[in-house]
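Presented below is the structure to which this report refers.
The values are calculated or read from the model by the stated rules, or taken from the named source; none is laboratory data. Just so it is clear, the model here is predicted, and its values are computed rather than measured. All Cβ positions, glycine included, derive from the backbone under ideal geometry; neighbour counts span all protein chains shown. Side chains included, ligands, DNA and RNA excluded: accessible areas come from the protein's heavy atoms. Shrake-Rupley method; radii C 1.70, N 1.55, O 1.52, S 1.80 Å.
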Amino acid sequence: MADALDARLADADARLLRQYPGDRGLRQPVHTVYVPADQVHRGIAGEWGERAVRSVKEFAGDAATLAAATGLEEAAVAECLPRVLDKLRREPVEDLRIDLEDGYSGRSDAQEDADLVSATEALCADLADGVAPPYFGIRMKGMEAAGRRRGLRSLTMFLEILLERAGAVPEGLVLTLPKITSVQQVEAMVWVTEQLERRLGLADGALEFELQIETPQSVMAPDGTAAVAQMMRAGAGRVTALHYGTYDYSAACGVTAAFQSMAHPVADHAKAVMQLAAAGTGVWLSDGSTNVLPVGSAEQVHEAWGLHARLVRRSLERAYYQGWDLHPHQLPTRYLATYAFYREAFAPAAARLKAYLAAAGGAVMDEPATAQALASALVRGRHCGALDDAEVAEATGVEWAVLEGFANRRVG
C-alpha cells in the first residue's frame with residue numbers, strides 16, 4: 001500500500017518541487033536605485049554614496065539630530081551610523097537600474113539611442129573597474145502597443161553593447177518589464193528573451209527578468225483570479241522578482257495624488273496578493289518608492305527622512321525586504337532603517353536559533369520553518385552589512401556556511 005501511495009502522489013510531489021523550489025540561495029539587494037538613462041555616468045554609484053554622506057553631515061551633525069529627524073531611537077542610530085557611513089563609502093548602491101521608462105520620457109528615438117549607449121558604456125566601465133553595484137540592468141519600455149518596438153530596440157542595444165564589452169552575460173544582470181496588463185505580455189517577453197539568446201549566442205535561459213506590478217490587470221484577472229500568479233507561471237522559470245509600482249497602481253485604482261502611498265490599503269492588498277503568489281517559489285519581492293524626496297531646507301529633508309525611514313521599516317516588518325530609492329539622500333535612511341531592523345532582530349533570533357540547532361530547551365518551541373526564518377533574518381542582515389560574520393558565529397555557535405545552508409534549505 002505504501003508503494004501505491006507513493007506512486008499515486010508522485011506527480012503531485014514533482015509538481016510541488018518544480019513550482020515551489022524555495023529560496024534561490026542568492027543575496028537579495030535591499031533596494032533598487034532607478035536613474036534616468038541620460039543621468040547615468042561612470043562612477044555613478046560612488047557619486048551617490050558621496051552625496052549621501054554629505055547629506056548626513058549637512059543636515060544631521062550627530063546621532064541625536066539624525067534620530068530626531070528619522071524617528072529612530074537614538075541608541076539604534078548611534079550603533080548603526082558608523083556601519084551606514086562605511087556602507088555609503090564602500091557599496092552605496094546594491095542594485096542600479098538604467099531607466100528608460102517613467103523616469104525617462106519625451107525623448108526622440110535618436111536621443112534614446114544616444115543616452116542608452118552612453119549609459120551602458122558607463123556601466124561597462126564600472127564593471128571593468130570593479131565599482132559597479134552587485135546588481136544592475138535596465139527598465140525598458142514594456143509590451144504596450146505604443147512603446148513595445150522602442151522597448152525591444154533598447155533591450156537589444158543594451159545587451160549587444162554589454163556582451164561586446166563584457167564578453168558574457170555578467171553576474172547580477174537584471175531586466176525589468178513594466179506596465180504589464182496581460183499574461184500574454186509576459187509570454188511575449190519569454191519569446192523575446194528566447195529570440196535574443198539565439199541571436200546573441202547565449203545559453204537557453206540566460207536572460208531572466210523581473211515583473212513590475214503596477215496595473216490592476218497584473219494583480220487581478222478578469223475572472224477574479226490572481227493574475228500575478230498566472231504571469232509568474234507564464235514566465236517559464238525566467239521571472240526572478242515582483243516589484244510593486246506605487247504611483248501607477250494607486251492612480252489606476254482611483255486614489256487621488258495626495259493619498260498615493262506605499263502604505264495605502266490598495267497597495268497593501270496588491271502586495272499581499274504578490275506575496276502569496278511568490279511564497280515558496282524563490283521569486284523575490286520588492287516594495288515601491290516614495291516620491292517625497294529629502295531635498296530643500298533642513299526641515300524639509302528631516303520630514304522626508306522621517307517618512308522614508310517609517311516606510312522602509314514598515315516594508316521590512318511585512319516581509320518586503322527590498323524597495324526603490326530615487327535620490328541619493330534616501331540612501332542614509334534606507335540603510336539606517338534597514339540596519340536598525342536587523343540589529344534589533346539579531347540577539348533574539350540568534351538565541352532562538354542556537355537553542356533550536358542545539359536541540360536545547362527554551363521559553364519558545366520553534367518549528368523548522370520558523371527556525372529557517374530566523375536563520376534567513378541573520379543571513380539577510382549579514383548580506384547588507386548590518387551584521388558581521390564573527391558576531392553571528394559567536395551568537396549562534398555555528399559557522400557562516402552552516403547558517404547560510406540552513407537558511408536556504410527547503411522546509412516542508
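Before moving on, here are some points about what is shown:
- For log10 I(q)/I(0) by the Debye sum over Cα atoms at q = 0.06, 0.08, 0.14 Å⁻¹, the value calculated from this model appears in (1) -0.27, -0.47, -1.27; (2) -0.23, -0.42, -1.27; (3) -0.25, -0.46, -1.40 under label (3).
- When both the stretch 43-82 and the stretch 286-351 are represented by their alpha-carbon centers, they are found 12 Å apart.
- Charges were assigned to the Cβ only: +1 to each Lys and Arg, -1 to each Asp and Glu. The resulting dipole of the chain about its Cα centre is roughly 420 debye.
- Highest-MSF residue in the chain out of 37, 279, 119 [GNM, Cα springs under 10 Å]: 279
- Length-normalised contact order of the chain in % [C-alpha pairs under 8 Å, at least 6 apart]: 18
- Cβ-based net charge around residue 276, under 15 Å, with every Lys or Arg adding one and every Asp or Glu removing one: +2
- The stretch 122-239 shape via C-alpha gyration tensor axes, a/c threshold 1.5: prolate
- Shown here for the stretch 152-241: GluC sites (Glu not before Pro) in loop regions (DSSP other than H, G, I, E, B) with at most 13 other Cβ atoms within 10 Å, namely 171.
- Span per principal axis, largest first, for the Cα atoms of the stretch 6-121 (Å): 67, 52, 23
- A convex hull fitted to the Cα coordinates of the stretch 73-194 yields 148 cubic angstrom per residue.
- Close Lys pairs in the chain (alpha-carbon distance under 27 Å; sequence gap of 8 or more, or different chains): 4.
- Of all accessible heavy-atom area on the chain, the percent that carbon and sulfur account for (1.4 Å): 53
- Of 155, 202, 311, the one that fluctuates the most in a GNM where the chain has Cα springs shorter than 10 Å: 202
- Within the stretch 94-148, GluC sites (Glu not before Pro) in DSSP loop having at most 16 other beta-carbon neighbours inside 10 Å: 144
- Protein heavy-atom accessible surface, 1.4 Å probe, per residue over the chain: 45 Å².
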